[in-house]
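Inspection log for the structure reproduced underneath, given as structure tokens.
Just so you know, all these numbers are worked out from the coordinates, no wet-lab data involved. Only a predicted model underlies this, so the values are computations on that prediction, with no experimental measurement involved. Heads up, the Cβs are rebuilt from the backbone with ideal geometry, glycines too, and the neighbour counts pull from every protein chain shown.
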Amino acid sequence: MRIKRLLKRAVLQDRIGQGLIMAGPRGVGKHKFAIALAQALNCLNPVEEKSLPFEGDGCDVCLACRRIARGEHADVRTIAAEKQVIKIEQTREMSREAYFRPYEGRRRVYIIDDAERLNEKAANSILKTLEEPPRTSLIVLITSKPYALLETIRSRCQILSFAPLAADELEAHLAANFRRPPEETRLLARLARGSIGRAMEIDLGEYRAHRSAMMEIIEALAITRDTILLLDRAEYLGRKLERAEFERHMDILMVLLEDIFHLKLGKPAESLTNADIGERLSAASEAVTLDQIMNWVEGIEQLFEKMTRNINRHIAMETMLIDG
């Protein structure tokens, strides 16, 4: 990973600076990375030790690394929003502490989570610390919206951009850190769209149950032409589900249609998000045209748009599934 190599080199050469912005989508591991950086800066084992897994990494086993991982180290602190906002009282306390020498480690590290939530006074209060940074302190601002930060803050920090992980990278991470069958790991990695956080939130049992219901709709549309099933599903989705649950079902339907679309374009079944039901998807793909797939996708997008105007979801679903 380019960012990891860059920071390792900076740690080894003592060129880490005093202000960093870690920017990227939610769930790609920015906070975890900031904690790993704090460990590398305060690890009790010298970074040049050849016995370390990688030069520039924390060892993960010394007292300092373990205390940082547990959030108990006196020199490493995460600052998070209180009631949706990071307040000036929080940043003033941080700025005062930053000018003191570390209590037990080599560097103080302040991690400001969701930094776009800094209110104006709080944001302005850290400017002086960033302008005249104490060499023994590091401020890391984590954000999914870097341009919501003050330009004066952005100009005083090095910005590190985190992209979503590739599916194979995320799959490898999940396989190394969580015990589950390989087919489940693979499905999670593709559903999460490059986000470790999203992968942790997905309930695969629930997903598969919803997916089964949505796959039956596709098969009724493409293969069996089962109008009774479609009317039943339209009533269930339109009347019995809360809006958030309805939207989750529609999102799954879109993922399934995307897989079928890729099959029509000649992509192999193993490349699909839902490769574990590749045979069912292939059968549906053979029964439909590209135009039909695009019409269904367009119908779902129009349904989402109409929902902002409080439409009758039941009637809209019937129209889409029966008349569409």
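Taking Cα atoms, how many degrees apart are the long axis of helix 204-219 and the longest axis of the chain, rounded to 10 and kept between 0 and 90?
Helix 204-219 sits at roughly 30 degrees to that axis.
Residues of segment 290-323 with amide nitrogen under 12 Å from the 7 Å Cα-to-Cβ point of residue 227?
322-323
Where both residues lie in the chain, what percent of DSSP beta bridges are antiparallel, nearest 5? Mind showing how you got there, number by number?
Values: 1 of 20 bridges.
Here the share of antiparallel DSSP bridges comes out near 5 percent.
In the chain, which longest range has no GluC sites (Glu not before Pro) that are both DSSP loop (not H, G, I, E or B) and surrounded by at most 15 other Cβ atoms within 10 Å?
105-241
Taking 30 Å as R0, compute the FRET efficiency from the Cβ-Cβ separation of residue 89 and residue 176 and round it to 0.05.
Calculated transfer efficiency: 0.15.
Using DSSP to define loop residues, name the trypsin sites (Lys or Arg not before Pro) in segment 112-152 whose beta-carbon has at most 11 other beta-carbon atoms within 10 Å.
On the way: sites: 117, 121, 128, 135; in loops: 135.
Answer by residue number: 135.
Between helix 290-307 and the chain, what is the angle of the helix's C-alpha long axis to the longest principal axis, kept within 0 to 90° and rounded to the nearest 10?
Relative to the chain, helix 290-307 is tipped by roughly 70 degrees.
Go ahead and run the numbers for FRET between residue 298 and residue 270, Cβ-Cβ distance against an R0 of 30 Å, rounding to 0.05.
0.60
Just to confirm the filter: which trypsin sites (Lys or Arg not before Pro) across segment 263-324 are DSSP coil and have at most 14 other Cβ within 10 angstrom of their Cβ?
309
Normalised by the residues of the chain, what does the relative contact order come to in percent, with Cα pairs under 8 Å and at least six apart?
Relative contact order for the chain comes out at 16 percent.
Once both axes come from the Cα atoms, what is the angle between helix 167-177 and the longest principal axis of the chain, in degrees from 0 to 90, rounded to 10?
Its long axis makes an angle of about 60 degrees.
Contour minus end-to-end for residue 247 and residue 63, with contour as 0.36 nm per residue of separation and end-to-end as the Cα-Cα distance?
Full-extension gain reported as 61.6 nm.
Please identify the trypsin sites (Lys or Arg not before Pro) of segment 73-107 that satisfy two criteria: DSSP loop assignment and at most 10 other Cβ atoms within 10 Å. Which are they?
83
Taking only DSSP H segments of four or more residues, each worth -39500 (n - 2.57), what value at 222 nm results for the chain once the sum is divided by all its residues, to the nearest 500 deg cm²/dmol? Could the numbers behind the result be given before it?
Values: 16 runs with 166 residues, N = 324.
Estimated from H runs of four or more residues: -15000 deg cm²/dmol.
Looking only at 205, 24, 105, which one moves most when the chain is put into a Gaussian network model with springs between Cα atoms under 10 Å?
Of the options given, 205 has the highest mean-square fluctuation.
Can you tell which of 215, 112, 199 lies farthest toward the positive end of the dipole of the chain, using +1 and -1 charges on the Cβ of basic and acidic side chains (Lys, Arg; Asp, Glu)?
112
Calculate the all-directions average of the projected area of segment 96-227's alpha-carbon convex hull, and give it in nm².
Averaged projected area of segment 96-227's Cα convex hull equals 13.3 nm².
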